[in-house]
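**Student:** Please read through the structure below; I'll follow up with questions.
The values are calculated or read from the model by the stated rules, or taken from the named source; none is laboratory data. Please read these numbers as outputs of a predicted model, since none were measured by experiment. No Cβ is skipped: glycine too gets one built from the backbone with ideal geometry, and neighbour counts run over all protein chains shown.
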Amino acid sequence: MKGILCELRLILRSRLSVASLLLLFMLAALAVLSGLREVASQHETLARVAPLNKQDLASVETRYPQDANGGYPAYYSFHNTWDPPSNAAFLALGMRDVAPYMLRIRALGLQAQLYEGETFNAELALPGRFDFAFVLIYLAPLFVIALLHDLVSGERQSGRLRLLLAMSDGKRLWRRRVALRYGLLLICLGLPALVGALIAGMAAGALAMTLAVIASSLAFWFGLSLLVTARGWRSSATATVLMSAWVVLTLVVPTLANVMLNRSIPVHQGVDLMLAQRQAVHGAWEIPRQETMQRFYANHPQWQDSAALPPTFHWKWYFAFHQVGDESVADQVRAYRAGLLQRQVWSDRLGWALPGVGAQAILHRLADTDLQAQLAYQDRIGVFHQQLRDFYYPYLFNEQPFGRQDYASQPQFTPREPSAYAFQPSAWGGLALAWLLFMLGGWQLAQLRPNQQ
Amino acid sequence: MQSSPNTSAATTVLDARDVEAGYAGKTILRGLNLHVRRGEIYALLGANGAGKTTTLSLFLGFLKPSAGTVLVNGVDPFGAPADARRQLAYIPENVALYEHLSARENLAYLLDLARQHADSRSIDGALSAAGLQPEAFDRRLAGFSKGMRQKVAIALALARQVPVLLLDEPTSGLDPQATAEFNRLLNLLREQGVAILMVTHDLLSAADVADRIGFLNAGQLVEEVAASGDDRFDVRTLHRRYTELGA
Amino acid sequence: MSVITRIAREEWRALFRDRVAVVGLALLTLLMLVAALNAWEHQRNANAERARYQAQANHEFEMQPDRHPHRVAHYGHFLFRPLNPLAAFDPGIDPYTGNTLFIEAHRQNSANFGDVRQSSLLLRFGQLSPAFVLQVLAPLLLIFVGHAALARERESGTLRILLAQGITGRQLVLGKLLALSGFALLMLLPALLMLAGLVASGQAAWQPSLLLAAGYVLWLLLWSLMVVLLSGLLARSRDALLALLAVWTIGVILLPRLVPDMVSSALPLPSRFENAIHVQREYLALGNAHDPNDPTFAAFRESILKEYGVTRIEDLPVNFKGLVGFEGERLSTELFERYATATFERQAEQNRLVDHSAWLSPTLAIRRLSMTAVGTDLTSFRHFLEQGETYRYELVQRLNRLQSEKLRYADDSNPNRENRISHEHWQTFPRFDYQPQPLADTYRQTAPASLVLLVWAGLLMALTSLMGARLGTTRQ
């Protein structure tokens, strides 16, 4: 115990180490704080917007208190859908800045509504968010390097290495020093995350996994640093090699991989989808309306006994061709989504080789702010859209009058439950390898002899 | 006292027999034979590159001999470094300790590293025995002179209470008064039965304290002289020979 | 001068004996080539794709059958933004904004399908482009190879020997600076060749290319100065390395992320959702353009009747419904413009705040200069959206005019009658022809960033010179 206290004193009396530790702690705390603030502001926005939309729906009711077949209410009612941030979202804000987390949906063609973007300043989004994931993946390794690059060379360059190694077999010395530095960095990162998790009310399981990710990412960088440090090079050479490794692993390879991924899995822009859907929807005006109805009834046989279309405009035809438009691009929608998921799968696989990518994948999955979350929200909207149509169709197709009590019984959106955590084998596998690397690094260090003078 | 020439092998603490060793394909020691006994101060002299520090590295277990055997109190230092190092204390050239720690803290820390339990009384005792003024015990080493640092290092060796002491150029950079004080300490240790091996350039200082002096040249012990008995050495003759070897 | 070049030559030789420098330079060059090739091909494909889509959209628009003009106004049009060939150098916000705009009557849509929503989170690690290599990686390599330039001489004691030869501190510093900037120029070479190639083949204009080149030369000079300065100020090369790495981490990695994040929480943007509701409310308050009997449009009807000197709208020589549509579009466009401008202005305000922070981190300045020079910044994107909006307004009003001139009111208000006009009309519509921003605007927008870079370089030069003078006098 005394020895550990002595080691601690040694670290605390080195200005570089103290400054590094404090800075990392502050950055992690700042990231957690700004994540919590962002999540709170998203909740606020959702709370602000809900009554606004309610008023909007109420105004539709005042304008069309009685409608012959629900056509006007269905056309003019925009329904509020939203995707509240999860309890862990503060850790990794993910795509929530560029993809909308609330959308107004009506019973018209879904495909023309689903890809609406959010208003965001692309120049601000470009460098990425400053959140806990950023601190862990980009910044923490630099602090590991700062604390470990002169672990051996510092002792050698100040002439103590021979004396120290002559005192014991070295294992004890390095084990202690490494464990202490590891513990301190773990506290600097883990404590803010822990406090944030308590404030945000994160589930214990998710918190445990978050801490495991933090511990494993650190383990990777410790392992790598120890391997390099144990080579016994000079401090600046060690720092150079480690920094280069950091650049390659967190800046170069992921960007290269992104390029390769986008090339090998081309996702043909959703533009095709929109163009096709528009052709299908507007084409309806050119073909005999009965033909559209037949196509609609083919997939919705329960309405085929509805009265024939009058010679003038009828809403049921309007809603039918929107639905037919959606159905005509269903295959393309599936292909589009499959492509996106395929990209996700491959980028997850990179977790085997790049622990930063693995940690990012796990944190964003836990936070439920990744591509899957975005798609799950779209699915939830799809379900709701179906509910809306199921609600309006009886009025439209049975000529049922739509009155005030019908407004009250319109379907209400219920947000999705955060998707259950699905095990990501490659990301966790990569992180498990990190511990192996850590052990290897420790072993190498224990073999160190102060030979070259 | 016990430095009679025909001491039995049992009292030999540092033992190197027919040792060959070197770094990265470069052989430095070629058939070294060296024995240091309990309560003996052995000074190893030699020019730069003769293999002095390599010899120390062998006893410290930092280096594996390519031939021959090395033993510290009967233990192979390369095979069982922890066991061997428990038997010895080492003071490197240019004593470097932790500048940010006080004398007491340095000792406490390093003794702990050597897995040796030391209370504050025994630490203070060692520091006093090494000749450090008590008011300096709690000052950080950053403000110490070279002589004072040397005393802390000796105190460390004293506190270790080990049978072997290895010294690398212990008196280089010390003024004559500090050197005399240092030699007094070595004598103290010798009386306690410690085997001391010092490698040095400084013939005068070595002649002052050493029981035996060995000359190392090109990786071999070329001559060994004793301070007492028939082959008692004469400093002037030695100096001449030493400079010839070094040339 | 010869002393300085002699020192520079010696340092240059030392650099090329250093494995880190040689391997680093080779890797950086390789990466730059990969980045350039990839970006260039991506950009060429994207442009080809956009051209194809634009042709398809034009074709579909022109091949519409006989239709009621208002039907055509809702059928709408797709506009695609062509990219400046220089965008291969710095894709900027291109992957975030998308370049597709769907336009229709009484609606202002957003551009959709930015790559960012279609990619995995990998994109958030950054995009591989020559700009990324030069902005982020090149300074790091300069730090690795240059941090010891002066500290090494000091540590090994050769500094005293050099000064004893009668060399002044300034000469020594200048020599080292010369060597390091020469190395920096070598790193920049592939990028410069790429720009020269683009200009020579006539794909890019020379003015923005020159601006870009000058910006990056200044940027790397700034880093060379920073490296030499800290190498001279700090006693040990390891301290110099750590200090420079800290400066790099804070200036290149941390601040460019932290500042935008703080700005976006200090100046939040209204969500599209809220804007949509507000716009819709005001839009409803304008009256219903589809309903000629709407009370809001009654005054308009009176004024039209007066203008033509008739008492009934049926007696007008033109189709009143078309006129109402025209007026309605005018009013709603004004409304949309107001909201769109407010959002644009808010974004511009955010960006200005970020630009001011460039005084803290010149990385923000080079980023601004680079994106603006190649036209992948937000201002240039806004330029596209505004041109798209103008095109939309003219398209819709042209259709409203057709409705008022080619259809009779009596027919148009008869629900039992199909009212269509000939498809030939669509074929005479002008196509969307995007005009990039005038160069003068580019210069104006990059001026503050250039100033930041110049002032930083000037400041560092002054400090370095001061350091050089001190180097010769203080005891080492």
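**Student:** Considering each of B:GLN161, B:GLN87, B:GLN150 in turn, give the residue that is of a type in the set (S, T, N, Q) and in contact with a helix residue (DSSP H, G or I) (Cβ under 7 Å, 6 or more places away or on another chain).
**Tutor:** Result: B:GLN150 is the single residue among B:GLN161, B:GLN87, B:GLN150 that is of a type in the set (S, T, N, Q) and in contact with a helix residue (DSSP H, G or I) (Cβ under 7 Å, 6 or more places away or on another chain).
**Student:** Continuing with the same structure: From A:PHE397, A:PHE391, A:PHE413, A:PHE438, which residue is farther than 21 Å from A:ALA203 by Cβ and in a loop (DSSP other than H, G, I, E, B)?
**Tutor:** On the way: A:PHE397 fails: in a loop (DSSP other than H, G, I, E, B); A:PHE391 fails: in a loop (DSSP other than H, G, I, E, B); A:PHE438 fails: in a loop (DSSP other than H, G, I, E, B).
On inspection, the qualifying residue turns out to be A:PHE413.
**Student:** Counting only residues that are in a loop (DSSP other than H, G, I, E, B) and in contact (Cβ under 8 Å) with a residue 60 or more places away in the chain, which one in region A:301-313 is nearest to the other protein chains (Cβ to nearest Cβ)? Before the answer, list the steps.
**Tutor:** Of all residues in region A:301-313, those in a loop (DSSP other than H, G, I, E, B) come to A:304-313.
Add one more test, that the residue is in contact (Cβ under 8 Å) with a residue 60 or more places away in the chain, and what stays is A:306-307.
Details: A:SER306: 21, A:ALA307: 18 Å.
Per the criteria, the residue is A:ALA307.
**Student:** Which ones in region C:56-96 are of a type in the set (Asp, Glu) and either part of a strand (DSSP E or B) or out of contact with any His (no Cβ under 6 Å at 6 or more places or on another chain) (or both)?
**Tutor:** Here is the first cut: in region C:56-96, the ones of a type in the set (Asp, Glu) are C:60, C:62, C:66, C:90, C:94.
Once the filter is applied, which keeps residues that are of a type in the set (Asp, Glu) and either part of a strand (DSSP E or B) or out of contact with any His (no Cβ under 6 Å at 6 or more places or on another chain) (or both), region C:56-96 yields C:GLU60, C:GLU62, C:ASP90, C:ASP94.
**Student:** Can you pull out every residue in region C:186-200 that is hydrophobic (A, V, I, L, M, F, W, C) and farther than 22 Å from C:ARG152 by Cβ?
**Tutor:** Residues of region C:186-200 that are hydrophobic (A, V, I, L, M, F, W, C), as a first pass: C:186-189, C:191-196, C:198-200.
Matches in region C:186-200: C:LEU188, C:LEU189, C:ALA191, C:LEU192, C:LEU193, C:MET194, C:LEU195, C:ALA196, C:LEU198, C:VAL199, C:ALA200.
**Student:** Another question, then. If only one of A:LEU136, A:LEU114, A:LEU148 is more than 9 Å from every other protein chain (Cβ to nearest Cβ), touching a strand residue (DSSP E or B) at 6+ places or on another chain (Cβ under 9 Å) and hydrophobic (A, V, I, L, M, F, W, C), which one is it?
**Tutor:** On the way: A:LEU136 fails: touching a strand residue (DSSP E or B) at 6+ places or on another chain (Cβ under 9 Å); A:LEU148 fails: touching a strand residue (DSSP E or B) at 6+ places or on another chain (Cβ under 9 Å).
Step by step, each of A:LEU136, A:LEU114, A:LEU148 is checked, and only A:LEU114 is more than 9 Å from every other protein chain (Cβ to nearest Cβ), touching a strand residue (DSSP E or B) at 6+ places or on another chain (Cβ under 9 Å) and hydrophobic (A, V, I, L, M, F, W, C).
**Student:** Does C:ALA246 satisfy being assigned to a helix (DSSP H, G or I), without any contact (Cβ under 8 Å) to a residue 60 or more places away in the chain and within 14 Å of chain A (Cβ to nearest Cβ)?
**Tutor:** Working: assigned to a helix (DSSP H, G or I): yes; without any contact (Cβ under 8 Å) to a residue 60 or more places away in the chain: yes; within 14 Å of chain A (Cβ to nearest Cβ): yes.
Here the answer is yes, as C:ALA246 does meet what is asked.
**Student:** Among (1) buried (at least 18 other Cβ atoms within 10 Å of the Cβ); (2) within 14 Å of chain A (Cβ to nearest Cβ); (3) of a type outside the set (D, E, K, R); (4) over 27 Å from B:THR12 (Cα atoms), where does B:SER172 come up short?
**Tutor:** Of everything listed in (1) buried (at least 18 other Cβ atoms within 10 Å of the Cβ); (2) within 14 Å of chain A (Cβ to nearest Cβ); (3) of a type outside the set (D, E, K, R); (4) over 27 Å from B:THR12 (Cα atoms), B:SER172 misses just condition (1).
**Student:** Follow-up. For residues that are farther than 18 Å from B:VAL235 by Cβ, over 13 Å from the mean Cα position of the chain (by Cα) and assigned to a helix (DSSP H, G or I), tally how many sit in region B:188-209.
**Tutor:** To start, the set of residues in region B:188-209 that are farther than 18 Å from B:VAL235 by Cβ comprises B:188-197, B:199.
This time we only want the ones that are over 13 Å from the mean Cα position of the chain (by Cα), so: B:188, B:191-193.
When the remaining residues are screened for being assigned to a helix (DSSP H, G or I), the result is B:188, B:191.
The qualifying residues number 2.
**Student:** Here's another thing I want to ask about it. Which of the following residues is more than 30 Å from A:GLY429 (Cβ to Cβ) and without any contact (Cβ under 8 Å) to a residue 24 or more places away in the chain: A:GLN386, A:GLN410, A:GLN400?
**Tutor:** Working: A:GLN410 fails: without any contact (Cβ under 8 Å) to a residue 24 or more places away in the chain; A:GLN400 fails: without any contact (Cβ under 8 Å) to a residue 24 or more places away in the chain.
The unique qualifying residue is A:GLN386.
**Student:** In region C:356-430, which helices (runs of 4 or more DSSP H) lie fully inside it and hold 3 or more residues that are in contact with an Asp or Glu (Cβ under 8 Å, 6 or more places away or on another chain) and closer than 22 Å to C:ALA105 by Cα?
**Tutor:** Working: elements: C:362-374, C:378-406, C:409-412, C:424-427.
Here the list reads C:378-406.
**Student:** Would you say A:GLY159 is in contact (Cβ under 8 Å) with a residue 40 or more places away in the chain, out of contact with any strand residue (DSSP E or B) (no Cβ under 8 Å at 6 or more places or on another chain), within 14 Å of chain B (Cβ to nearest Cβ) and surrounded by fewer than 24 Cβ atoms within 10 Å (Cβ to Cβ)? Don't jump to the end; show me each part of the working.
**Tutor:** Working: in contact (Cβ under 8 Å) with a residue 40 or more places away in the chain: no; out of contact with any strand residue (DSSP E or B) (no Cβ under 8 Å at 6 or more places or on another chain): yes; within 14 Å of chain B (Cβ to nearest Cβ): yes; surrounded by fewer than 24 Cβ atoms within 10 Å (Cβ to Cβ): yes.
Judged against the criteria, A:GLY159 is not a match.
**Student:** Which condition from (1) under 30 Å from A:GLY154 (Cα atoms); (2) part of a loop (DSSP other than H, G, I, E, B) is the one that A:VAL18 breaks?
**Tutor:** Result: A:VAL18 passes all but (2).
**Student:** Does B:ARG115 fit the bill of being on the phi > 0 side of the Ramachandran plot and either within 9 Å of chain A (Cβ to nearest Cβ) or surrounded by fewer than 22 Cβ atoms within 10 Å (Cβ to Cβ) (or both)?
**Tutor:** Values: on the phi > 0 side of the Ramachandran plot: yes; either within 9 Å of chain A (Cβ to nearest Cβ) or surrounded by fewer than 22 Cβ atoms within 10 Å (Cβ to Cβ) (or both): yes.
Yes, satisfied.
**Student:** Does C:ALA235 satisfy the criteria of being surrounded by fewer than 18 Cβ atoms within 10 Å (Cβ to Cβ), more than 10 Å from chain A (Cβ to nearest Cβ), assigned to a helix (DSSP H, G or I) and small (Gly, Ala, Ser)?
**Tutor:** Working: surrounded by fewer than 18 Cβ atoms within 10 Å (Cβ to Cβ): yes; more than 10 Å from chain A (Cβ to nearest Cβ): yes; assigned to a helix (DSSP H, G or I): no; small (Gly, Ala, Ser): yes.
Considered against the rule, which asks whether it is surrounded by fewer than 18 Cβ atoms within 10 Å (Cβ to Cβ), more than 10 Å from chain A (Cβ to nearest Cβ), assigned to a helix (DSSP H, G or I) and small (Gly, Ala, Ser), C:ALA235 comes out as no.
**Student:** Looking only at region B:59-74, which residues are crowded, with 19+ Cβ neighbours inside 10 Å and either modelled with pLDDT under 90 or farther than 18 Å from B:LYS26 by Cα (or both)?
**Tutor:** Of everything in region B:59-74, those that are crowded, with 19+ Cβ neighbours inside 10 Å and either modelled with pLDDT under 90 or farther than 18 Å from B:LYS26 by Cα (or both) turn out to be B:PHE59, B:LEU60, B:GLY61, B:PHE62, B:LEU63, B:VAL70, B:VAL72, B:ASN73.
**Student:** Could you give me the residue pairs with C-beta distances under 7 Å whose first residue belongs to region A:436-450 and is farther than 15 Å from A:TYR182 by Cα, whose second residue is assigned to a helix (DSSP H, G or I) and among the charged types (D, E, K, R) wherever it lies, and which are 6+ apart or on separate chains?
**Tutor:** A:ALA446/A:LYS171; A:PRO450/A:ARG156; A:PRO450/A:ARG162
**Student:** Then there is this: How many residues are of a type in the set (Lys, Arg), at pLDDT below 85 and crowded, with 20+ Cβ neighbours inside 10 Å when one looks only at region A:162-190? Write out each step before concluding.
**Tutor:** Filtering region A:162-190 down to residues of a type in the set (Lys, Arg) leaves A:162, A:171-172, A:175-177, A:181.
Filter once more, keeping what is at pLDDT below 85: A:162, A:171-172.
When the remaining residues are screened for being crowded, with 20+ Cβ neighbours inside 10 Å, the result is A:162.
Matching residues across region A:162-190 total 1.
**Student:** Of C:GLY287, C:GLY215, which residue is touching a residue at least 24 places away in the same chain (Cβ under 8 Å), away from chain A (no Cβ under 12 Å) and on the phi > 0 side of the Ramachandran plot? Break it down into steps so the answer makes sense when it comes.
**Tutor:** Numbers: C:GLY215 fails: on the phi > 0 side of the Ramachandran plot.
Testing whether each residue is touching a residue at least 24 places away in the same chain (Cβ under 8 Å), away from chain A (no Cβ under 12 Å) and on the phi > 0 side of the Ramachandran plot leaves just C:GLY287.
**Student:** Just checking, does region C:351-362 include any residue being at the interface with another protein chain (Cβ under 10 Å from one of its Cβ atoms) and within 17 Å of C:TYR96 (Cα to Cα)?
**Tutor:** Checking region C:351-362: at least one residue is at the interface with another protein chain (Cβ under 10 Å from one of its Cβ atoms) and within 17 Å of C:TYR96 (Cα to Cα).
**Student:** Just for region B:92-107: of the residues that are modelled with pLDDT of 85 or more and surrounded by 22 or more Cβ atoms within 10 Å (Cβ to Cβ), which one is farthest from the other protein chains (Cβ to nearest Cβ)?
**Tutor:** B:ALA103
**Student:** Step by step: first the residues of region C:198-216, then only those that are surrounded by fewer than 17 Cβ atoms within 10 Å (Cβ to Cβ) and modelled with pLDDT of 90 or more, then the one that is nearest to C:GLY251 (Cα to Cα). Which residue is that?
**Tutor:** Of everything passing the filter in region C:198-216, C:ALA214 is nearest to C:GLY251 (Cα to Cα).
**Student:** Determine whether region C:419-432 contains at least one residue that is under 26 Å from C:LEU86 (Cβ atoms) and touching a residue at least 60 places away in the same chain (Cβ under 8 Å). Step through it out loud before you land on a result.
**Tutor:** First, the residues of region C:419-432 that are under 26 Å from C:LEU86 (Cβ atoms): C:431-432.
Right, trim to touching a residue at least 60 places away in the same chain (Cβ under 8 Å) and you get C:431-432.
Yes, region C:419-432 has at least one match.
**Student:** Let me ask another. Where in region A:131-249 are the helices (runs of 4 or more DSSP H), entirely inside, with at least 3 residues that are among the β-branched types (Val, Ile, Thr) and closer than 20 Å to C:LEU242 by Cα? Don't jump to the end; show me each part of the working.
**Tutor:** On the way: elements: A:140-148, A:153-157, A:161-167, A:171-200, A:204-229, A:235-246.
Passing ranges, in order: A:235-246.
**Student:** Sticking with this structure for a sec: For A:GLY94, all conditions in the list (1) touching a residue at least 12 places away in the same chain (Cβ under 8 Å); (2) out of contact with any Ser or Thr (no Cβ under 6 Å at 6 or more places or on another chain); (3) buried (at least 16 other Cβ atoms within 10 Å of the Cβ) hold save one; what is the number of the exception?
**Tutor:** It is condition (2) that A:GLY94 fails.
**Student:** With respect to A:ILE199, determine if the residue is closer than 30 Å to A:GLU417 by Cβ and under 41 Å from the mean Cα position of the chain (by Cα).
**Tutor:** On the way: closer than 30 Å to A:GLU417 by Cβ: yes; under 41 Å from the mean Cα position of the chain (by Cα): yes.
Taking the combined requirement at face value, the residue satisfies it.
**Student:** What pairs come up if the first residue lies in region C:268-281 and is assigned to a helix (DSSP H, G or I), the second is among the acidic types (Asp, Glu), and their beta carbons are under 8 Å apart, counting only those six or more places apart or on different chains?
**Tutor:** C:ARG272/A:GLU116; C:ARG272/A:GLU118; C:ILE277/A:ASP56; C:GLN280/A:ASP56; C:ARG281/A:ASP56
**Student:** Cβ-Cβ below 8 Å, separation at least six or inter-chain, first residue in region B:202-221 and surrounded by fewer than 21 Cβ atoms within 10 Å (Cβ to Cβ), second of a type in the set (Lys, Arg) and part of a helix (DSSP H, G or I): which pairs?
**Tutor:** Once the first residue is surrounded by fewer than 21 Cβ atoms within 10 Å (Cβ to Cβ) and sits in region B:202-221, its partners that are of a type in the set (Lys, Arg) and part of a helix (DSSP H, G or I) give B:ASP211/B:ARG190.
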